[in-house]
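Engineer: Structure in C-alpha cells, see below.
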Amino acid sequence: METALTPLVAAQSLRQAMRHWTTGVTIVTARPGGHAPIGLVCNSFTSVSLEPPLVSWCVDRASTSFGAWMCADSFSVHILAEDDAPLIPRFAARGADKFAGLAPGRTHLGTPALDAGAARLDCRVWRTYDGGDHAIVVGRVERIEERDGARPLDLRALRGA
C-alpha cells in the first residue's frame, strides 16, 4: 500500500533556495520521429560518467512537449555562450514554436543544431528515470563540437539585466 508523504519543504521554498545555486544554461534540442523539432532551456544538465561518456538533464512532466521528449531517441545539448542570451526567452516560452525564424542545421543524429553555444554535445538516449515531477534523461555522448573563443554565459550578468 502506498502512502502519501507530506512534503517537508514547500516547492516554492526549494525553488527560491535553488536560485542561489549558480548553474550553467543549456538549450536541449531534439526531433523525435513524427514530431516537429523541440527545444527547451535547461539548467539541470550535468555530466554523469566518463566511461561510458554520459550526461543527464531533466524535463518537467508539465512541459507541453513532454510526450515528444519521451519519444526522442537522441538529443543535442547546446552549452550557451555569453552572446547566446537572447535565445533564452525564446526556448523558455511554453507552447511556442521555438524554431520560428531560425534555420538550424542537423547533427549526424538528426537533432536540430543551433548556430549557438560554446559547445554542443550530440547524444543518444541511454536511459530515462522517474524524477518526481520531472523525468531524468541520461544520454551517451556521441559527438562534441566546440566553438573557438566562445565565452561561457554568466547567469549573474543576466540577473542584473
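Engineer: With each run of n ≥ 4 DSSP H residues scored as -39500 (n - 2.57), what mean residue ellipticity at 222 nm is computed for the chain after dividing by its residue count and rounding to the nearest 500 deg cm²/dmol?
Structural biologist: Working: 4 runs with 25 residues, N = 161.
It lands at -3500 deg cm²/dmol.
Engineer: Right, another one. Counting only residues 5 or more places away or on other chains, whose amide H sits under 5 Å from the amide H of Val48 once H atoms are built in the peptide plane?
Structural biologist: Sorted by chain and number, the residues that satisfy this are Leu54, Val55, Ser56.
Engineer: For the chain, what % of the accessible area comes from carbon and sulfur atoms, probe 1.4 Å?
Structural biologist: Details: 5290 of 9950 Å².
Taking all protein chains in place, the chain shows 53 percent carbon and sulfur surface.
Engineer: Simple spin-label model, 7 Å along Cα-to-Cβ: Val9 to Trp21 in nm?
Structural biologist: In this crude spin-label approximation the distance works out to 0.8 nm.
Engineer: Whole-Hz ³J(HN,Hα) for each residue in the range 59-75, computed from phi via Karplus 6.51 cos²θ - 1.76 cosθ + 1.60 with θ = phi - 60°, x for glycine and proline: what do you get?
Structural biologist: 10, 5, 5, 7, 4, 5, 10, 4, x, 5, 4, 6, 8, 5, 9, 8, 7
Engineer: Got a sec to turn the phi values of the range 84-94 into Karplus ³J(HN,Hα) couplings, 6.51 cos²θ - 1.76 cosθ + 1.60 with θ = phi - 60°, whole Hz, x for Gly and Pro?
Structural biologist: Result, rounded to whole Hz: 9, 3, x, 6, 4, x, 4, 8, 8, 5, 7.
Engineer: Evaluate the charge dipole of the range 37-161 about its Cα centre and quote only its size in Debye, nearest 20, assuming +1 on the Cβ of each Lys and Arg and -1 on the Cβ of each Asp and Glu. Mind dumping the intermediate values first?
Structural biologist: Values: 14 positive and 16 negative charges, 43 e Å.
That gives a dipole near 200 debye.
Engineer: Kindly report the accessible area of the range 43-144 per residue (heavy atoms of protein chains, probe 1.4 Å, no ligands, DNA or RNA), in Å².
Structural biologist: Details: 5220 Å² over 102 residues.
For the range 43-144, the solvent-accessible area averages 51 Å² per residue.
Engineer: Pop out the ³J(HN,Hα) list for the range 10-25 in order, Karplus 6.51 cos²θ - 1.76 cosθ + 1.60 with θ = phi - 60°, rounded to Hz; leave Gly and Pro as x.
Structural biologist: Computed from phi, the couplings for the range 10-25 are 5, 3, 5, 5, 5, 4, 5, 5, 5, 5, 7, 8, 7, 10, x, 10 Hz.
Engineer: Mind putting together the pair-distance distribution for the range 100-156? All Cα pairs, 5 Å bins, whole percent per bin, short to long.
Structural biologist: For the range 100-156, the pair-distance distribution reads 4, 15, 18, 18, 20, 18, 7, 1.
Engineer: Additional query: Placing one identical point scatterer on every Cα of the chain and ignoring solvent, what is log10 I(q)/I(0) from the Debye formula at q = 0.13, 0.14, 0.15 Å⁻¹?
Structural biologist: Evaluating at q = 0.13, 0.14, 0.15 Å⁻¹ gives log10 I(q)/I(0) of -0.64, -0.74, -0.85.
Engineer: Can you give the extra length, in nm with one decimal, that the chain gains between His108 and Leu50 once fully stretched, where that is 0.36 nm per residue apart less the Cα-Cα distance? Intermediate values should be presented prior to the final figure.
Structural biologist: Numbers: separation 58, 0.36 × 58 = 20.88 nm, distance 2.15 nm.
Here the answer is 18.7 nm.
Engineer: Taking 8 Å as the Cα distance limit and 6 or more residues as the minimum spacing, I'd like the relative contact order of the chain as a percentage. Let's see the in-between values first.
Structural biologist: Numbers: 292 pairs, mean separation 41.1, N = 161.
Reported as a whole number, the value is 26 percent.
The values are calculated or read from the model by the stated rules, or taken from the named source; none is laboratory data. As the structure is a prediction and not an experimental result, all values here were calculated from the model. Note: ideal-geometry Cβ built from the backbone for every residue, glycine included; neighbour counts use all protein chains shown. In case anyone asks, the SASA skips ligands and DNA or RNA and just uses the protein heavy atoms, side chains included. Shrake-Rupley method; radii C 1.70, N 1.55, O 1.52, S 1.80 Å.
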